[in-house]
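Read through the structure below, which is laid out as structure tokens, and then see the notes.
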Amino acid sequence: MKDAPIRVAVFVSGGGTNLQALIDAERAGIIKSGRISLVLSNRAGAQALVRAQAAGIPTAHVPRRALDHTLEPLMRAYAIDLIVLAGFLCILPAHFTRLYEGRMINIHPALIPAFSGEGYYGIKVHEAALARGVKITGATVHYVNEECDGGKIIAQRAVAVHEDDTPETLQARVMRLAEWRILPRAVEQVAREIRYERI
Ligand code: GRF
């Protein structure tokens, strides 16, 4: 069907709390223009895969060394229209990011351009924010291009840094107050745009 929800793949590496926010948002009808149709992890033991299986979503484990030659045929096999990087810790091959230009988005746990680019991932981002002494940080959803964290910004939300924050407490607050809120809305926005283009 031409106006059916578009097919979304979520790429993960770890806990999958952002994935869970997407699954919950789809159930709640916040995401209605897309359907999570595949969850891919580079790590076999990722808790995110357990979350996907519990939700009845097909999963794939593709180790880092196999990404280069596996991704394209796999996305074709699942007819994937939109890719969401939700805590995916691998750099994707340039030919693949080009193929999905305008159809691949990422969540970054800082207000880009602060604390972003090469080497800024996971807890390191929050360590850097605390070391610099910023009073405000947050999260950003952006399109993925060949430049690390360099694509067009779709959504951002600010979060206050507390005096007594550790990287872990700050990470938890950024996830709860920013990431889990802006990512589902951004997915719906981009999925709706892709779906309209197709009709
Ligand atoms: C999130 O902070 C994400 O922004 C970052 O890695 C973390 C992944 O968390 N890049 P989860 O796997 O979604 O729980």
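The values are calculated or read from the model by the stated rules, or taken from the named source; none is laboratory data. Note that the structure is predicted; figures quoted are calculated from it, not measured. Here the Cβ is made from the backbone with ideal geometry for all residues, glycine too, and neighbour counts use every protein chain on show.
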Would you please name the residue that is farthest from residue 138 (Cα to Cα), looking only at residues in the range 171-187 that are in contact with a strand residue (DSSP E or B) (Cβ under 7 Å, 6 or more places away or on another chain) and more than 10 Å from the ligand (Cβ to nearest atom)?
187
Can you tell me which residue is surrounded by the fewest Cβ atoms within 10 Å (Cβ to Cβ) among those in the range 4-34 that are more than 13 Å from the ligand (Cβ to nearest atom) and part of a loop (DSSP other than H, G, I, E, B)?
29
What do you reckon, is residue 60 of a type outside the set (S, T, N, Q), touching a helix residue (DSSP H, G or I) at 6+ places or on another chain (Cβ under 7 Å), surrounded by fewer than 20 Cβ atoms within 10 Å (Cβ to Cβ) and without any contact (Cβ under 8 Å) to a residue 24 or more places away in the chain?
yes
Could you check the range 131-153 and list, in sequence order, the residues that are aliphatic (A, V, I, L, M), within 15 Å of the ligand (Cβ to nearest atom) and out of contact with any His (no Cβ under 7 Å at 6 or more places or on another chain)?
141, 144
Tell me yes or no: at least one residue of the range 127-146 is modelled with pLDDT of 95 or more, among the aromatic types (Phe, Trp, Tyr) and within 13 Å of the chain's Cα centre (by Cα).
yes
Of those in the range 46-58 that are within 16 Å of the ligand (Cβ to nearest atom) and over 16 Å from the mean Cα position of the chain (by Cα), the residue nearest to residue 14 (Cα to Cα) is 50
For residue 37, work out the one condition from (1) farther than 21 Å from residue 197 by Cβ; (2) at pLDDT 95 or above; (3) surrounded by fewer than 22 Cβ atoms within 10 Å (Cβ to Cβ) it doesn't fulfil.
(1)
Can you find a residue in the range 172-194 that is in contact with a Gly (Cβ under 8 Å, 6 or more places away or on another chain), farther than 24 Å from residue 81 by Cβ and part of a helix (DSSP H, G or I)?
yes
